[in-house]
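The structure appears below as structure tokens.
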Amino acid sequence: MNHTSLFDTTFVVLDLETSGGSPGAGAGITEIGAVKIRGGQTISEFSTFVNPESQIPDFITELTGITDEMVATAPKIEQLIPSLFEFIGSHQETVIVAHNASFDLSFLKASAKKFEYEWPQYLILDTVKHARHVFAKDEVGNYKLGTLTAFLETKSTPSHRALDDARATVELLHAIIERFGDLGVHTLGELLNFKRKR
């Protein structure tokens, strides 16, 4: 898979909204958004509210617009894990992408472990990490999703809603891949190992 060209690689760009904090502190997922792309084109999208089985703090509702009422009848995460894995596809064919990936994946991995689902050995591409390689700090100021997408003037605008943010991250990923191409990086392996190569 490392020898696959970036153009031919299937990526699933993920974003979660949560009730804040960390999965170990009892916070839960409130929304999942994901976009599957290959060759610069969107193949399909996945979007759902999730019942976090806990109250959403007021400051999270102010940030995201997601209320307890909106998630009350939504499926719980243990009901959604199989369909999410099906959407993502095989770890031998799909790379997961997220902005600050460790945060989103900590919630998904904790949920999978809690409900005894085996977490596939997906390759992970963190757009924060790779943006740092191709966008200079004095060029963008910081590496927040909103800052980078404003700099790039993306069509999708991050809104602290899962699918909106996933779509914005797709455009960021395309810009990162384009800049890596200018550096002679054209395969998945070259991109994932770029820092070590340098």
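Taking segment 96-133 as the range and being of a type in the set (S, T, N, Q) and in a loop (DSSP other than H, G, I, E, B) as the test, the residues that pass are ASN100, GLN121.
Tell me which residues, restricted to segment 139-149, are in a loop (DSSP other than H, G, I, E, B), closer than 27 Å to THR30 by Cβ and touching a Ser or Thr at 6+ places or on another chain (Cβ under 9 Å).
Step one: list which residues in segment 139-149 are in a loop (DSSP other than H, G, I, E, B), which gives 141-144.
Within this subset, residues satisfying the condition of being closer than 27 Å to THR30 by Cβ are 142-144.
Answer for segment 139-149, where residues must be in a loop (DSSP other than H, G, I, E, B), closer than 27 Å to THR30 by Cβ and touching a Ser or Thr at 6+ places or on another chain (Cβ under 9 Å): just TYR143.
If you check GLY184, GLY189 for being over 15 Å from ASP15 (Cα atoms) and touching a His at 6+ places or on another chain (Cβ under 7 Å), only one passes: GLY189.
Per this entry, GLU62 is not counted among residues that are of a type outside the set (Gly, Ala, Ser), on the phi > 0 side of the Ramachandran plot and loosely packed, with under 13 Cβ neighbours inside 10 Å. The listed residues are GLY28, GLY21, and the only one of them that is touching a Ser or Thr at 6+ places or on another chain (Cβ under 7 Å) and not basic (Lys, Arg) turns out to be GLY28.
The residue that is modelled with the lowest pLDDT, among those in segment 21-46 that are crowded, with 17+ Cβ neighbours inside 10 Å and assigned to a loop (DSSP other than H, G, I, E, B), is ALA27. Taking the criterion of being hydroxyl-bearing (Ser, Thr, Tyr) and assigned to a helix (DSSP H, G or I), the only residue of segment 150-198 that qualifies is THR169.
Just one of the listed residues (THR127, THR169, THR94) is free of Cβ contacts under 8 Å to residues at least 60 places away in the same chain, in contact with a strand residue (DSSP E or B) (Cβ under 7 Å, 6 or more places away or on another chain) and buried (at least 20 other Cβ atoms within 10 Å of the Cβ), and it is THR127.
The values are calculated or read from the model by the stated rules, or taken from the named source; none is laboratory data. If you're wondering where the values come from, they're calculated on a predicted model, not measured in any experiment. Note that each Cβ is placed from the backbone with ideal geometry, even for glycine, and that neighbours are counted across all protein chains shown.
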